[in-house]
Amino acid sequence: MPLRKLFWGRSSKSFPVKIVTLDAELEFSLPWRASGRELFELVSRTIGLRETWYFGLQYEDSKNNFAWLKMEKKVQDQDIPRRSPVPFIFLAKFYPEDVSEELVQEVTQHLFFLQVKQSILSMDIYCPPEMSVLLASYAVQAKFGDYDPVSYQSGALAMEELLPRRVINQYQMTPEMWEERIRIWYADHQGMTRDEAEMEYLKIAQDLGMYGVNYFNITNKKQTELWLGEELWVLWWSHGFGSQRIRVREQTGAQDQLSVVRDSQHQCGRPQIHHSTDRQNGT
């Protein structure tokens with residue numbers, strides 16, 4: 001049954017959509033003939049986002065796979081969920097090569113921080129134990145501000161999700177011991193603003209091997225399950241000195257692999273999207 005008849009009847013000229021970002025939920029009444037781009041631009045204007053080229057709208061299709069909303073097609077012509085309101089997730093789809101140079105807006109930086117932090121905590125991005133503790137201290141600084149030795153009490157971070165479960169299970173340490181290690185680093189960030197703490201977090205995280213890689217479960221002809229890694233980067237091209245950027249990243253997972261990216265054909269002054277794929281054995 002067509003989505004229009006299922007929820008809103010023949011005469012409906014709009015339908016409700018719900019957009020979930022990592023720090024807010026938005027609801028709109030979208031014109032029936034609206035394209036994916038019109039919905040995306042509506043969300044971007046609402047949250048004050050100008051660096052739109054990094055982001056996209058994701059939804060769960062009828063086969064329970066996550067898909068990106070196509071910008072040029074009508075929303076209703078895509079395999080969107082048959083629910084009301086229709087749910088979408090606003091996420092970063094492409095990644096900058098250097099966060100400190102390329103992320104300008106505070107809202108862009110904050111959305112990247114939230115998404116990368118979630119990926120580390122959910123173990124989609126592997127992070128070594130010592131680095132996990134340091135990143136946790138920046139996350140605490142971003143949320144709570146300066147450490148105050150007078151008012152700080154042991155257990156203050158007990159309700160915060162700060163470390164990947166893999167790291168916690170790797171050592172025989174109590175929650176109090178983990179908190180103390182985080183507190184020591186946290187106290188060292190005195191005077192750092194939220195934006196500065198989030199940027200320091202991202203500057204460290206961008207060097208992790210699985211940062212910027214989306215993995216998809218696939219099956220080969222022998223019915224063996226594999227992970228297909230897709231690495232998506234926004235590259236800025238400048239005619240100024242005829243320079244070109246070469247990206248070398250180590251993919252980590254079941255097998256270590258070196259991926260060399262050379263980019264040389266771009267229009268001047270526009271962000272360009274680079275796709276890189278890496279196939280790995282599933283674990």
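Some notes on this structure:
- Given charges at Cβ of Lys, Arg, Asp, Glu: the range 3-93 dipole, positive-most of 52, 65, 92: 65
- Amide H contacts of residue 86: 17, 18, each under 5 Å away and 5 or more positions distant or on a separate chain (H built 1.01 Å from N in the peptide plane; Pro and chain starts excluded).
- Karplus-derived 3J(HN,Hα) values for the range 132-144, using 6.51 cos²θ - 1.76 cosθ + 1.60 with θ = phi - 60°, are 4, 5, 4, 4, 4, 5, 5, 5, 5, 4, 5, 8, 10 Hz; glycine and proline are entered as x.
- Ascending count of other beta-carbon atoms within 10 Å, so fewest first, for 150, 104: 150, 104
- Once backbone amide H atoms are built at 1.01 Å from N, residue 35 has 75 as its partners under 5 Å, excluding neighbours fewer than 5 places away on the same chain.
- Couplings for the range 44-49, taken from phi via the Karplus curve 6.51 cos²θ - 1.76 cosθ + 1.60 with θ = phi - 60°, read 4, 5, 5, 8, x, 8 Hz in order; Gly and Pro are left as x.
- Straight Cα distances below 14 angstrom link residue 70 to the aspartates and glutamates 38, 41, 60, 61, 79, with same-chain residues fewer than 8 positions distant left out.
- Calculated from backbone phi, Karplus (6.51, -1.76, 1.60) coupling profile of the range 75-85 in Hz, x at Gly/Pro: 4, 5, 8, 9, 7, 7, x, 8, 9, 10, x
- Taking 43, 140, 75 and counting other C-beta atoms within 10 Å, the order from fewest to most: 43, 140, 75
- The range 3-93 - Rg over Rh from alpha carbon coordinates, Kirkwood radius: 0.94
- The distance between label points at residue 143 and residue 44 comes to 3.1 nm (points 7 Å beyond Cα on the Cα→Cβ vector).
- The charge dipole of the range 3-93, taken about its Cα centre with unit charges on the Cβ atoms of Lys, Arg (+1), Asp and Glu (-1) only, comes to about 480 debye.
Laboratory data are not the source of any read-out in this text; all were calculated from the coordinates shown. Note that the structure is a prediction, hence the values are computed from the model and not measured. With ideal geometry, Cβ positions are generated from the backbone for all residues, glycine too; neighbour counts draw on all protein chains shown.
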